[in-house]
1. Taking R0 as 30 Å, what's the FRET efficiency between Val53 and Phe80 from their Cβ-Cβ distance, rounded to 0.05?
2. A 18 angstrom limit on the alpha carbon distance is what I want to check against. Which of Lys35/Lys92; Lys23/Lys171; Lys23/Lys48 exceed it?
3. Gain in length, Trp90 to Val165, computed as 0.36 nm per residue apart minus the alpha-carbon separation, to one decimal in nm?
Amino acid sequence: MYWNETNITIFNKSLALLMNFDKRASVGESTLLIKDFSIGFANDGTPKNGPTVVVGRYGNAYNFDGVNDHIDINETGLPFGNSPRVISLWFKLNILTGSQCFIEYGTENIVESGRRIAICHLDQATDKLVIDTLGHQFGFIWIPDTNWHQFTVVYPGILDSSNFVLFLDGK
């Protein structure tokens, strides 16, 4: 990806979703629209229940209240079931209490095994990130603080805990 402060150029057309959460009017973003920069999918997001724009790790970010704030997106073109995928995000926990999910999409349906995937922070007792799919939790990573962190999960398409590869801050 290349960003010249006005336009974004995507070099990989297999990218199904790319959002910068920066609320840049120059690329069509607003209080009511979070732009998807992937090619051909148009999975733009709509903030719901009042997430606020705050200073982020790079540019701006959205702050969620941990109760009901979220961003609705169209799931067109997103990988489901046993489709391989890589999900990456920046996050910062304001507090280390309570359970909350950063990303959650799909449905929890036994017929569509693995269709739902969620990346969640567990309660204060564990302070860990977890991947949850079809009620199975994989890949616990301890989150020691309230600093900014970059998290990436690689799922090669086989629903087994030994097949998830997780990275926190590149490690």
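Coordinate-derived values only; no laboratory data. None of these values were measured; they are calculated from a predicted model. Glycine also receives a Cβ, built like all others from the backbone with ideal geometry; neighbour counts cover every protein chain displayed.
1. On the way: r = 30 Å, r/R0 = 1.00.
Calculated transfer efficiency: 0.50.
2. Numbers: Lys35/Lys92 21 Å; Lys23/Lys171 29 Å; Lys23/Lys48 15 Å.
Too far apart for the 18 Å limit: Lys35/Lys92; Lys23/Lys171.
3. Working: separation 75, 0.36 × 75 = 27.00 nm, distance 1.69 nm.
Length gained, Trp90 through Val165: 25.3 nm.
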